[in-house]
Structures are given as C-alpha cells and as structure tokens.
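For reference, the structure is listed below as structure tokens.
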Amino acid sequence: MSPQHLKDVMSSGLLSFPLTDFDADGNFNAKGYAARLEWLAPYGASALFAAGGTGEFFSLDSKEYPGIIETAVNTCRGKVPIIAGAGGSTRFAIECAQAAEKAGAHGILLLPHYLTEASQEGLAAHVEAVCKSVDFGVIIYNRGISRFKPETVARLCERNANLVGFKDGVGDIEAMSAMFLTMGDRLAYLGGLPTAEVYAAAYKALGTPVYSSAVFNFIPKTAMDFYEAVRVDDHATQHRLLKDFFMPYLKIRNRGEGYAVSIVKAGAKIVGHDAGPVRSPLSDLHPQEVEELAALIATLGPQ
C-alpha cells in the first residue's frame, strides 16, 4: 500500500487498536491474538493499529514485536489494513518501523518518545529519521511530551512524502485548528484522545471526522453505531449513548491511572474475548469495578 493509499484509507471510517493478548504469565499469546483479530475484522473498521497504545506497545520488547505485527498482517490480509505502532527512542522506533514494513504492515503510527521533553528541532529530527528509514506511510501522534507545531509539521511534510497522517491525543482545540488550517488536505487527521467518542463531534467540526475507538475491542457494534451517528450528525443517538454508556464508563475509567487500557481488557474478558492481564506497570481493574462494567455493558444488548 502506497503512503497516499494509506492516507485515503484513514480519511474516513472508524479506526481501532486491538488489545495485545497475553497468557497468565504475561507472554504474548499469538493464538488468542489471531482469534481476536478474526472476531473484530468483519465489523467494518477502516484499519486496525497493531501494537498501538491500547495494545500496550510500551510494554513490548524487540523480540516479540515482529511476531505481533506478522500475526496481525497474516490474520487480516485481504480483510482490513494493519498499521503498526512504533515509538520510543529514535533507533528503537526505526527498528520497529522497519520490522513492521518487513512483516507487511501498511504503515506506522509513530507514538511519542518517553520521559524527557524535546525541542521542535529534536522532534523533527526524530520523525524525519523514522520517515526516511521506510517507504510506507507514517502517522505522527501528537500526545504527551511529543507535541508538534504546525510549522514543524509543514517542514517535515515538505521533506518526507510518506508522512501522511496526524493523530491528536492532546485535545487543544486552538492548536488542532491551527494544524488543520495550516496543513489542509496534505494530511489525514485522526482524533486520538482516550475514549475518543466523547470528543468525536467536536473534532468533526474541526475537520477531523475520523477517530480511533478503544471500546471497539469489546462493544464493536455499539462503536460502529456511534461512529455512524457522528458521521450523519445524528445527535439524538450520540447523546443517548454518551449519557447511558460513555459517561458512566468514564467514571470507572477515571478511578485509576492507566485504566484507559485496563478497562478495555476487562471489557474484552466480560464479553468472552479474554486478552489476559495487563503488563506492569499497569494494573487490572478491581473485582467491584469489573462488576460495574459488566452491568453497564449488559445494557447495550448483543454485539
């Protein structure tokens, strides 16, 4: 898939990050992961992000990463495009990007580097090094300590034709408006805040109608229904689902640091698609919280 084709794929539809399956000892469970992808693929997501944030990229090592991407590509070949997560230090991000390209992924989402702040010059050098290490499409993730100014992204786009997407996980409306108005249709824009459904309508008004859904991992039908409601401006359905499910869901999610991932794994287990425990430093939901989530999911009906 060419970078331009990837950009076209990301310009419409719902995206999602499949969980990464671990066994009871915390090792990658390839069989469970393949079964998860086979379950999710027919629901209609435009692309799936293997080993992304919800897939605990930050907890993976370099030995298991290629196998995760290969499993995703082989399972979803001919069904749905696979975009791989990549990130960390520049050298490790390049290693991941090249492994993903070799495995047959259609592009990468370049996740933030870790711990220390960086200048715009440093961020640009990091992104450019990754872009030039591969031929397929690259999406940068504006989040945490990895925040890009429009002029930085404009310079990067001039020098790197395969930089085709900008995903925002910050939620700064002024900054996002500036990015869209500066870059126009040069990039595909993705909403990437945790539980992105809450922000979907606002981001659509900013020129970003596409977002990635974490809850797609356990309520895929509802996730697709909500996306369709956003797409056609069905405010009644949006408000009903926000009130009846997403706001109560956020109350559980917000009780613990890292629960944005943990609650998704809990949801998958509740609906019969157990992905195993989260890896430390994340922690799983407490039993009472799991019970609350199960009761909330039950109100949505069959998926």
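The values are calculated or read from the model by the stated rules, or taken from the named source; none is laboratory data. Given the structure is predicted, the values throughout are model-derived calculations rather than measurements. Please note: Cβ atoms are built from the backbone with ideal geometry, for glycine as well, and neighbour counts cover all protein chains shown. Protein only, heavy atoms only, side chains kept; ligands, DNA and RNA dropped before computing areas. Shrake-Rupley method; radii C 1.70, N 1.55, O 1.52, S 1.80 Å.
Would you mind getting the accessible area per residue of region 159-262, heavy atoms of the protein chains only, 1.4 Å probe, in Å²? Let's see the in-between values first.
Working: 4210 Å² over 104 residues.
I get 41 Å² per residue for this part.
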### Task
With label points built 7 Å along Cα→Cβ from the Cα atoms of Val232 and Gln288, find their separation and express it in nm.
4.2 nm
#### Entry: Correct choice for Rg/Rh (Cα atoms, Kirkwood Rh) that was computed from the model, options (1) 1.02; (2) 0.99; (3) 0.94
(3)
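Keeping all protein chains in place, calculate the accessible area per residue for region 27-88 (probe 1.4 angstrom), answer in Å².
Details: 2190 Å² over 62 residues.
It amounts to 35 Å² per residue over region 27-88.
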#### Entry: Cut-off 17 Å, label 7 Å out along Cα→Cβ of Ala161, residues of region 90-131 by amide N
131
#### Entry: Vicinal HN-Hα couplings computed from phi for region 165-174 (Karplus, 6.51 cos²θ - 1.76 cosθ + 1.60; Hz; Gly/Pro x)
x, 9, 10, 10, x, 9, x, 7, 4, 4
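Quick one: Kirkwood hydrodynamic radius for region 1-99, alpha-carbon pairs, angstrom, one decimal?
On the way: mean 1/r = 0.0723 Å⁻¹.
That comes to 13.8 Å for region 1-99.
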### Task
For Phe49, list long-range residues whose amide hydrogen, built 1.01 Å from N in the peptide plane, is under 5 Å from its own amide hydrogen.
Ser16, Phe17, Ile83
### Query
Which of the peptides 246-259, 92-105 is most tightly packed, and how do the rest follow, judged by the mean count of other Cβ atoms within 10 Å per residue?
92-105, 246-259
### Query
Once label points are set 7 Å from the Cα along Cα→Cβ at both Arg240 and Ser89, what is their separation, rounded to one decimal in nm?
5.3 nm
### Task
For Glu257 paired with Asp25, estimate the spin-label separation in nm (one decimal), with each label point 7 Å from Cα along the Cα-to-Cβ line.
3.0 nm
### Task
Search the structure for amide H atoms under 5 Å from the amide H of Ala188, placed 1.01 Å from N in the peptide plane, and list their residues when 5 or more places away or on another chain.
Gly165, Phe166
### Highest-fluctuation residue, His286, His113, His239 considered, GNM on the chain with Cα pairs under 10 Å
His286
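How big is the equivalent ellipsoid of region 152-270 along its three axes, where each semi-axis is √(5λ) from the Cα gyration tensor, reported in whole Å from largest to smallest? Present the calculation step by step, with values, prior to reporting the outcome.
Details: eigenvalues 159, 56, 32 Å².
In descending order the semi-axes read 28, 17, 13 Å.
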### Task
Starting from the Cα of Asp61, move 7 Å in the Cα-to-Cβ direction to define the label point; list residues of region 27-47 whose amide nitrogen is under 12 Å from there.
27-28
### Nearest-0.05 FRET efficiency for Ala129 and Thr299, computed from C-beta distance (R0 35 Å)
0.15
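Over 27 Å between Cα atoms: which of Lys102/Lys269; Lys79/Lys102; Lys167/Lys265; Lys79/Lys269; Lys204/Lys269; Lys149/Lys221 fall into that group?
Numbers: Lys102/Lys269 32 Å; Lys79/Lys102 19 Å; Lys167/Lys265 23 Å; Lys79/Lys269 24 Å; Lys204/Lys269 31 Å; Lys149/Lys221 36 Å.
Distance filter (> 27 Å) returns Lys102/Lys269; Lys204/Lys269; Lys149/Lys221.
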### Message
Would you work out the Kirkwood radius for region 120-189? I mean one over the mean of 1/r across all pairs of different Cα atoms, in Å.
### Response
12.1 Å
